[in-house]
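Colleague: Dropping a structure here in structure tokens format, bear with me for questions.
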Amino acid sequence: MTAPIRPQPGILDIALYQGGASKIEGHAEPLKLSSNENPFGACPAAVEAMGAALSESHRYPPTDHGPLRAAIAEVYGLDAERIICGVGSDEVIHFLCQAYAGPGDEVLYTEHGFGMYRISALACGATPVQVPEAERRVDVETLIGGLTEKTRLIFLANPANPTATMLERGDLDRLADALPDQCLLVLDGAYAEFAEGYDGGAALVENRDNVVMTRTFSKAYGLGGLRVGYGYGPQHVIDTLNRIRGPFNLSGIALAGAEAAVRDRDWVAECIRVNADERARLTGGLRQLGIACDESFANFVLARFADEAEADAADAYLKSQGIIVRAPKSYGLPHCLRITVGRPEDNDRVLGALASFKGAE
Ligand SMILES: *Cc1c(COP(=O)(O)O)cnc(C)c1O
């Protein structure tokens with residue numbers, strides 16, 4: 001008898017990732033506000049560059065992502081040698097777990113933290129450890145209290161998804177100061193562009209040898225379908241991650257699109273500006289309807305209803321009006337709906353529908 005075929009420990013504990021829905025029966029073109037995508041579409045300069053790159057599809061792409069790393073470094077004032085590009089920042093998160101956490105190690109994240117942290121930790125055989133938040137805000141003291149001699153990684157999205165709240169620089173410093181020697185802090189900056197004046201943690205990376213920042217082209221740059229993200233960290237970490245990165249992980253088309261997007265500073269700046277205005281309007285409009293909402297630092301808002309039943313009813317009503325939002329039940333927020341900030345006319349539709357919903361209750 002041979003041993004049965006079975007996956008490594010931890011793998012079967014992974015619940016499949018649930019993406020934002022994109023279809024409603026009976027609505028040919030629903031308004032999709034469920035995945036924090038850019039409501040203005042893909043960066044047009046990226047689309048043009050990708051079109052030009054198509055005819056080079058018989059060529060293997062560069063293995064070192066040199067031109068893209070150079071563009072990111074130039075635009076954001078980073079050191080190109082300490083950037084690693086991945087198939088979305090999800091892949092960089094996975095590299096980090098693969099390189100630094102295994103059986104017996106702990107990967108720390110918070111109560112409402114992004115779902116990929118747990119998935120990547122389990123995929124590597126490590127133990128995911130969740131610490132509570134305080135009213136939808138990460139509490140640094142609680143996080144520090146969760147550190148043990150087994151903690152190898154802490155994942156913290158700032159601004160956070162799905163809460164849209166964020167920690168200040170002083171809190172991040174305190175957390176980084178408290179890290180045990182064997183522990184890396186990963187600041188997931190998927191929404192950093194939307195938090196005015198925030199560098200995503202880049203300065204913290206510069207000053208320490210145990211902090212890594214991840215960023216993505218999926219949100220502000222409108223390229224979620226292209227799958228490009230990157231990590232920025234100490235040289236020893238980036239060199240380690242590069243050993244496990246596939247040599248051709250990013251296609252030539254993806255590299256061309258992302259490079260054009262990062263160089264087109266005006267387009268993304270305008271998207272961020274409109275998002276800030278519309279986010280304030282959506283937040284104010286929800287509160288006026290009696291729907292509680294924390295201040296958002298991202299491109300979505302978290303609407304809080306009286307209870308799960310009311311959130312379900314609101315979700316169903318929005319769907320009946322052709323609007324898809326996200327019910328973040330698996331994030332421990334069953335009484336909430338996460339609504340991506342849309343174009344002005346989209347947000348009018350959301351507020352109008354919720355006003356009718358509240359009026360009919
Ligand atoms: C969207 C998102 C990401 C980005 O994932 P990609 O793989 O880069 O598309 C990362 N972290 C958080 C918290 C997110 O919401």
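The values are calculated or read from the model by the stated rules, or taken from the named source; none is laboratory data. It should be emphasised that the depicted structure is a prediction, and the values quoted were computed from it without experimental measurement. With ideal geometry, Cβ positions are generated from the backbone for all residues, glycine too; neighbour counts draw on all protein chains shown. The protein model used for the area step is the full one, side chains on, heavy atoms only, and it has no ligands, DNA or RNA in it. Shrake-Rupley method; radii C 1.70, N 1.55, O 1.52, S 1.80 Å.
Colleague: Could you pull out every one of the lysines with an alpha carbon less than 27 Å from that of Lys32, ignoring same-chain neighbours closer than 8 positions?
Modeller: Lys23, Lys219, Lys319, Lys329, Lys358
Colleague: Something else about it: From Cα pairs below 8 angstrom and at least 6 apart in sequence, can you work out the relative contact order of the chain, rounded to a whole percent? Provide the component values of the computation, followed by the final result.
Modeller: Working: 689 pairs, mean separation 85.0, N = 361.
With pairs under 8 Å counted, the relative contact order is 24 percent.
Colleague: Working out 0.36 nm times the residue gap between Asp266 and Asp312, then minus their Cα-Cα distance, what length gain in nm do you get to one decimal? Please list the in-between numbers first.
Modeller: Numbers: separation 46, 0.36 × 46 = 16.56 nm, distance 3.92 nm.
Length gained, Asp266 through Asp312: 12.6 nm.
Colleague: Now a separate question. Relative to the compact globular guide of 2.2 N^0.38 Å, what is the alpha carbon radius of gyration of region 255-339, as a ratio? Walk me through the numbers on the way to the answer.
Modeller: Details: Rg = 15.9 Å, N = 85, 2.2 N^0.38 = 11.9 Å.
My calculation over the Cα atoms of region 255-339 gives 1.33.
Colleague: Might you work out the accessible area of Lys150 for me, using a 1.4 Å probe with all protein chains in place, and round it to the nearest 10 Å²?
Modeller: Here the accessible area works out near 100 Å².
Colleague: Can you show me the helix-derived [θ] at 222 nm for the chain, built from DSSP H runs with n ≥ 4 at -39,500 (n - 2.57) apiece and divided by the number of residues, rounded to the nearest 500.
Modeller: Details: 12 runs with 140 residues, N = 361.
The helix-only estimate for the chain comes to -12000 deg cm²/dmol at 222 nm.
Colleague: If I stretch the segment between Gln130 and Asp294 completely, what's the gain in nm (0.36 nm per residue apart, minus their alpha carbon distance), one decimal?
Modeller: Values: separation 164, 0.36 × 164 = 59.04 nm, distance 2.20 nm.
Net length gain for the segment: 56.8 nm.
Colleague: How would you classify region 123-253 from its alpha-carbon gyration tensor, with a ≥ b ≥ c the square roots of the eigenvalues: rounded for a/c under 1.5, else prolate if a/b is greater than b/c, otherwise oblate? The partial results should precede the final answer.
Modeller: Details: a/c = 1.64, a/b = 1.23, b/c = 1.33.
Oblate, because a/c is 1.5 or more while a/b does not exceed b/c.
Colleague: How charged is the neighbourhood of Phe297? Take every other residue with its Cβ under 11 Å from the Cβ of Phe297, and add Lys/Arg as +1 and Asp/Glu as -1. Let's see the in-between values first.
Modeller: On the way: positive: Arg279; negative: Glu168, Glu193, Glu196, Asp294, Glu295.
Summing Lys/Arg as +1 and Asp/Glu as -1 gives -4.
Colleague: Can you pull the percent of region 44-263's accessible area that's carbon plus sulfur, 1.4 Å probe, other chains left in place?
Modeller: Working: 4190 of 8390 Å².
Carbon plus sulfur share of accessible area: 50 percent.
Colleague: Just going by the charge dipole of region 44-263, with Lys and Arg at +1 and Asp and Glu at -1 on Cβ, which of Ala53, Gly102, Ile154 is farthest out on the positive end?
Modeller: So the residue furthest toward the plus end is Ala53.
Colleague: How long are the semi-axes of the equivalent ellipsoid of region 44-263, taking √(5λ) for every eigenvalue λ of the Cα gyration tensor, in whole Å from largest down?
Modeller: Values: eigenvalues 175, 67, 47 Å².
So the equivalent ellipsoid measures 30, 18, 15 Å along its semi-axes.
Colleague: Return the percentage of antiparallel bridges among DSSP beta bridges fully within the chain, rounded to the nearest 5 %. Don't skip to the end; give the middle numbers.
Modeller: Details: 18 of 37 bridges.
Around 50 percent antiparallel, to the nearest 5.
Colleague: Please compute the per residue accessible area over the chain with all protein chains in place, 1.4 Å probe, rounded to a whole number of Å². Each step should come with its number before you reach the end.
Modeller: Values: 15870 Å² over 361 residues.
In whole numbers, the chain has 44 Å² accessible per residue.
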